[in-house]
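Single-structure report; data block below.
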Amino acid sequence: MKNCVAGFLLLMWPALFCVQLPSVLAQTEAAGEEAKLAADEKESCVRNLKIIYEAIQNYRVDHKNIPNWLSDLVPQYIHDANVLVCPVCRRTGEIESGTLADPKIPCSYLYEFCPLQLGTTDAPENPTKTRRQWKQRQMGLAGSVVPIVRCRHHGVVLNLAFDGRIYESPPSWEVLLTNQLDIAELIPARIFAADSDPNAAETSIPLASTYPPRDPRTKPSLIDLTAYYNAALTESWQGNSKNDLASLPTGVENFAGVDYDVRGIVQVGGKEQAAEHFPARIEGIKIQQKCARLHFLHSAGFGAVTDEGQQVGSYIVHFATNRMQLEIPIIYGHDVRNWHRLAGEQPSADLDLAWKGTNAVSADSHNFVRLFATTWVNVVPSVEIESIDFVSSMGKVAPFLVAITAE
């Protein structure tokens, strides 16, 4: 009897295997298709967020403030309202609802700087304070990593930071900062605790003032970088407390014989963790004038003595009347070095040190921080330069730009 059963199972095993195998393969293929769909939808959502960020920056330039709702960007700054709908929502039909939902058009993105009052649920002691006021106060503590737009329709939350970085987080983005500050300080009750009259309405501070305003008398040849700043001079944007450029004079200042408009930082990304959330390139910096020379006031983070001679980035010059473009390479040791002076550096005849100062970190090491100047001679000065792209090589060294002057 045992031999009969064994023989029967032996005969049936191929048939059972044939039944099971297609099912397993189908499940594997389905899982792979789902993973690809999720990745494609996330990539499309990131593209939407980049378009939204550019629209917000253009709105800020025109209105000297940010919009009250994302719908305020349609149609002048966002021509296609579908950009405000996450691809996941387009497939599932879901949409954001509740008090934070956009009041004018369907929108699947949360706009964190809307003017709604916090109310007694979120701020029992400060109910008339607005969400925008709360987020502005958060930026004073956490910097420009504070999200301005969020998408909650993926496996993780996609955050569009105020400085343009896009990063993933759990539902509470604040937990990413636990090694930098006490995140309890970011809740409304703690944020507004020092206010003398917690129920008094507060005039909203225009977010354009996150960076010092441009003096209206500034010459057009001192390029206006307001729309491209993604870090403040007073911010520890590369990590470490009090590691900033707060000692750098602001406004129209002369360094190495050239006037610059100095008010903020344009940082591009790199491989170091503190730089990886910055964009790999900043495109379309408006120049819109003819010039014989361009002067760049810049420096770099995360560099080392061993990086000498390496290209760490470039400026791509786009001309207005044709498709010609020229690359200005940024070479470590020739154009820039680490903004903190490093031990073991050898003198370089190529480097033009434009400014040096101190901060708490450099003072502890009995050293200084610095910016460099690079002058590029235009080979076609009679042709208008339309714009410049600032591009990182995405290595360990991450260059940053403070000002550009056309001559």
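The values are calculated or read from the model by the stated rules, or taken from the named source; none is laboratory data. Small disclaimer: the values here were computed from a predicted structure and weren't measured. Cβ atoms come from the backbone with ideal geometry, glycine included; neighbour counts cover every protein chain shown.
Some notes on this structure:
- Screening region 214-263 for residues that are acidic (Asp, Glu) and in contact with a Lys or Arg (Cβ under 9 Å, 6 or more places away or on another chain) and picking the one that is farthest from ASP389 (Cα to Cα) gives ASP259.
- Scanning region 264-304 for residues that are closer than 24 Å to ASP224 by Cα, surrounded by 23 or more Cβ atoms within 10 Å (Cβ to Cβ), touching a Lys or Arg at 6+ places or on another chain (Cβ under 8 Å) and at pLDDT below 95 yields a count of 2.
- Looking only at region 167-182, and only at residues there that are aliphatic (A, V, I, L, M) and out of contact with any strand residue (DSSP E or B) (no Cβ under 9 Å at 6 or more places or on another chain), the one that is surrounded by the most Cβ atoms within 10 Å (Cβ to Cβ): LEU177
- Checking every residue in region 48-57 against the condition of being more than 22 Å from HIS154 (Cβ to Cβ), touching a residue at least 12 places away in the same chain (Cβ under 8 Å), over 20 Å from the mean Cα position of the chain (by Cα) and not in a loop (DSSP other than H, G, I, E, B) gives zero matches.
- Scanning region 86-129 for residues that are surrounded by 19 or more Cβ atoms within 10 Å (Cβ to Cβ), of a type in the set (S, T, N, Q) and modelled with pLDDT of 85 or more turns up just one, SER108.
- Evaluation of ILE331 against (1) under 26 Å from ASP163 (Cβ atoms); (2) part of a strand (DSSP E or B) (one fails), failing number: (1)
- Apart from one condition, ARG137 fits all of (1) surrounded by 15 or more Cβ atoms within 10 Å (Cβ to Cβ); (2) part of a loop (DSSP other than H, G, I, E, B); (3) in contact (Cβ under 8 Å) with a residue 12 or more places away in the chain; the exception is (2).
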